[in-house]
Structure formats: structure tokens, C-alpha cells
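To keep things clear, I will list the structure first and then write my remarks on it.
Computed from the coordinates by the stated procedures, all read-outs in this text should not be read as laboratory data. All of these numbers come straight from a predicted model, not from anything done at the bench. Backbone-built Cβ (ideal geometry, glycine too); neighbour counts: all protein chains shown.
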Amino acid sequence: MSVANLAYIHISETEQGSWSNFGANILGLMPIERPDFNDHSFLKMDDAPFRILVSTAEQGQMLGCGWDMGSKENYQAMIAKLEAANATVTAGDAQGAKLRCVTEYASSNDPSGNPFEIFYGRTTTAECDVPFVSPVGIDKFVTGDMGLGHAVIPAPLTAETHAFYIDTMGFGMSDDLRMPPPADGAPELRIIFMHASNSRHHSLALANFPHPVGIVHMMFEVTSIDEVGACLDRVNQANVPIMSTLGRHCNDNMLSFYSVGPGGIAVEFGYDGLQIDDWSQFPPTESTEGDFWGHAYQPMPT
């Protein structure tokens, strides 16, 4: 029993509509208006009701990854595992479930303090139950049973947080990236990549450093290199900050670049990510290099 996929990400913005504009005009996501929740924004990228949920707050930050447990039985079993691991689990109410378009959900935090939610039963509304049409003409995103993409979150308590996601949440190991310490004496960079119960190389990764907005980046995948290039053009034309230039990762083969959205929340936009059909035949890797080429990163916020 494990997490099925990353179904949605809940973030906040300081200016309502900023993420709708960025999501639509830069990333190509489809804004959804819901009159019963007009103080929130919703961004759709496939046949799911939405993939990005945005609330308004005093600062932009990560409010939670939404993990689909696949069934009521798995959902209930996961709550029991979390409670057995002494994690605080808070049951969601009916209004919160309606907001998230789920049958039932609960929230908790990992050992590094990162918020997350588990749920079962994706529901929909009349506003959300419409075909996905990208405002910039993107044909489709790579989602389906693999979920929306992946999230990389800060985990200063790296060992404890890693153990939590493996032993309690049931994730599997994909890759353990350890970069040599830089010459300035800073500690080594370590990122631990983990997969859920689907073929995407990783749905979650843990970075061994804090981050001011609670998420290092989230990743959306498209079906061609031309869509990546077109998005890069839109980023440059709109003077959106770039966190990393175009490049290809070693561990998951993703060809991508990174831009910085409203509130300092970064987005990786990529193509050609590795998929594993049979995890029992995949030996987890240990990497010492992040990229085959490219991905020149700007200094990370602290």
C-alpha cells in the first residue's frame, strides 16, 4: 500500500490572480472559475478537475502536496500508519473536501514540517468538468495515472524525513544524488528522489536544505521539446526570472528549464522524463552529477 500519485499542489499567492495569469499565459494551464470559491484560483492541465489550487495569503508558499491514495481502503490504512508513526493527522471537513474536489481528505506534516494531504475519490463540479484547453495551445501534459508531475521539497531533517516517506508513506527509492561540497566550504547538496505507485521516475524529492517558500520547485511535463522551447520563449518575452537554463538531467533524463513564478515558487517545465514500467526490476541509483549538460542554476534563496 502506497501513494498512487501526486494529484494536486496547494500554494498561496499575495495578489489574487497572479498565479492564474502566470499559469495560463506562461505555463499554458487552464484557469477555472468557481463562484462558490471565488477567493481561490484553480488551474487545470488535463481531465482532472484541477491540478493547482491557489489561496491568498501574506506570502507565497507551499500549503501542501495532495497525494491520491487510490482507494478508501488505502486512505484509511494510511491514516492508521501515520498515527502509528506519531504523526498528527487532522481530518478534513466537508467544505474542504468540496474545495479540493475529493471525497475525503486528511492533512499532516512530515518530520521537516512540510504540510501534505492524503485523500481518496476525486470528484468534480460543473465548472471543472470541461475539456482541457490550453490558453497557449499546448496539446496535452504528461499526467494521467502518473499525476501532475513532481514536487521537490526542503528536508533539513533529511534522514528522518526520508525514513518517513519510505517507511510510513510507502514511497520507493529512485535515486540518491550527492553533489561534492563546493570550494567555499558549504555542505554537500543532497537530493533524494522517490517514486509513488506509478511509472514516473519520481513524484517527490527531498532537498537537504531549507527553503523560504516551502517548495524548491514543482515540475510539469509536456510531450515535445518544441513545447519546452515555446514556453522558454514566453518566459523570456515576459521577463519572468529564470532559475536554471535549459539542460538535461542525468537520473530521470528530463530535458527542462526552471522559471520562478509569483511568490518565488519555481516551476520546472520539461520533456522526455524517464518512466519505469516495472519497479521490481529497477535498482535505485546513486548519482554524483545532476546533469548531462546545461541547467546552469542561479543562486538558491536562503
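Kindly check whether there is at least one residue in the stretch 239-249 that is among the polar types (S, T, N, Q) and farther than 23 Å from residue 25 by Cβ. Spell out the reasoning first.
Step one: of the stretch 239-249, the residues among the polar types (S, T, N, Q) are 239, 244-245.
Pick out the ones that are also farther than 23 Å from residue 25 by Cβ and you get none.
No, that holds for no residue.
What is the residue count in the stretch 255-297 for residues that are within 24 Å of residue 9 (Cα to Cα), part of a loop (DSSP other than H, G, I, E, B) and hydrophobic (A, V, I, L, M, F, W, C)?
Residues meeting the conditions: 3.
Which of (1) farther than 21 Å from residue 20 by Cβ; (2) touching a Ser or Thr at 6+ places or on another chain (Cβ under 8 Å); (3) surrounded by fewer than 17 Cβ atoms within 10 Å (Cβ to Cβ); (4) of a type outside the set (Gly, Ala, Ser) does residue 226 not meet, given it meets every other one?
Here residue 226 meets the rest and fails (2).
I'm trying to understand the selection: among the residues of the stretch 212-238, which are within 15 Å of the chain's Cα centre (by Cα) and either of a type in the set (Val, Ile, Thr) or part of a loop (DSSP other than H, G, I, E, B) (or both)? Lay out the reasoning, then the answer.
Quick first cut of the stretch 212-238, residues within 15 Å of the chain's Cα centre (by Cα) only: 213-222.
Those that are within 15 Å of the chain's Cα centre (by Cα) and either of a type in the set (Val, Ile, Thr) or part of a loop (DSSP other than H, G, I, E, B) (or both): 213, 214, 215, 216, 222.
Counting residues that are under 16 Å from the mean Cα position of the chain (by Cα), which strands (runs of 3 or more DSSP E) fully inside the stretch 1-108 reach at least 3?
Working: elements: 5-13, 30-32, 41-44, 52-56, 62-68.
Filter on the stretch 1-108 gives 5-13, 41-44, 52-56, 62-68.
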